[in-house]
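Novice: Quick one: structure below, then a few questions.
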Amino acid sequence: MKGFPKTLKTKDDYYNCLAMVAAGELAAVDLLAKIESLEKQRYIQCAIVSVAEEKKAVTVYYCDEAAPGMAFEAGGISGTITAVTHTQTDEAAAAGETGNDRTVLTLSKGITAENTAIGLEKAAAVAGMTADDITALKGVLKQYE
């Protein structure tokens with residue numbers, strides 16, 4: 001095989017690539033980029049409209065998938081969602097819209113006001129790999145950088 005594989009679908013594919021990195025056949029940075037891309041697939045990215053003053057609640061554009069108990073990640077801070085409320089802004093109501101257009105998430109940990117997005121975990125595993133598997137792969141790849 002020449003070059004980096006175009007698609008990696010299973011845990012075995014990633015471990016085979018890791019073996020190729022160890023053998024010097026692939027660049028560690030390429031595999032790390034694929035792993036980081038895979039890691040992002042675990043999350044639904046929601047744009048933050050506003051952060052509450054106490055920083056334990058955020059308003060995002062409407063997100064039907066949000067649910068209490070979901071894990072979140074924002075700016076290196078992770079925790080769980082403790083409550084979800086769907087709302088409609090006054091502007092949307094004045095325009096005659098009938099559906100919700102915002103979602104308020106109450107968080108177990110405060111985040112910084114500078115955060116522009118929050119990731120809501122939609123899957124504990126992708127390509128057959130859990131967060132621990134991904135962390136382990138990234139740890140091993142540090143040896144080859």
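Novice: One-quarter of the Cα convex hull surface for the chain, in nm²?
Specialist: 10.7
Novice: Take the Cα pairs of segment 36-101, get the Kirkwood Rh, then feed it into Stokes-Einstein at 10 °C and 1.306 mPa s and tell me D in µm²/s.
Specialist: 117
Novice: Same structure again: Ignoring ligands and nucleic acids, what accessible area does Tyr43 show with a 1.4 Å probe (Å², nearest 10)?
Specialist: Here the accessible area works out near 50 Å².
Novice: A further question follows. Keeping every protein chain in place, order Phe4, Phe72 by accessible area at 1.4 Å, biggest value first, i.e. largest first.
Specialist: Phe4, Phe72
Novice: Helix-derived [θ] at 222 nm for the chain: sum -39500 (n - 2.57) over DSSP H runs of at least 4, divide by residue count, nearest 500?
Specialist: The helix contribution divided over the chain gives -8500 deg cm²/dmol.
Novice: Convex hull volume of the Cα atoms in segment 74-141, per residue, in Å³?
Specialist: So the per-residue Cα hull volume is 146 Å³.
Novice: Rounded to the nearest 20 Debye, what is the dipole magnitude of the chain about its Cα centre when Lys and Arg each give +1 and Asp and Glu each give -1 at the C-beta?
Specialist: 480
Novice: Heavy-atom accessible area of Val21 with all protein chains present, probe 1.4 Å, nearest 10 Å²?
Specialist: Per-residue accessible area (Val21): approximately 10 Å².
Novice: A further question follows. Give me the percent of the accessible area of segment 11-144 that comes from carbon and sulfur atoms, probe 1.4 Å, all protein chains in place.
Specialist: 49
Novice: Starting from 0 in steps of 10 Å, tell me what percent of the Cα-Cα pairs of segment 1-74 lands in each bin.
Specialist: 15, 36, 18, 20, 11, 0
Novice: Pairs of alpha-carbon atoms within less than 8 angstrom and 6+ residues apart define the contacts here; what relative contact order does the chain have, in percent?
Specialist: Answer for the chain is 29 percent.
The values are calculated or read from the model by the stated rules, or taken from the named source; none is laboratory data. Being a predicted model, the structure only gives us computed values, none of them experimental. When we count neighbours, we look across all protein chains shown, and the Cβ atoms used for this are built from the backbone with ideal geometry, even at glycine. Areas reflect the complete protein model, heavy atoms only, side chains present, ligands, DNA and RNA absent. Shrake-Rupley method; radii C 1.70, N 1.55, O 1.52, S 1.80 Å.
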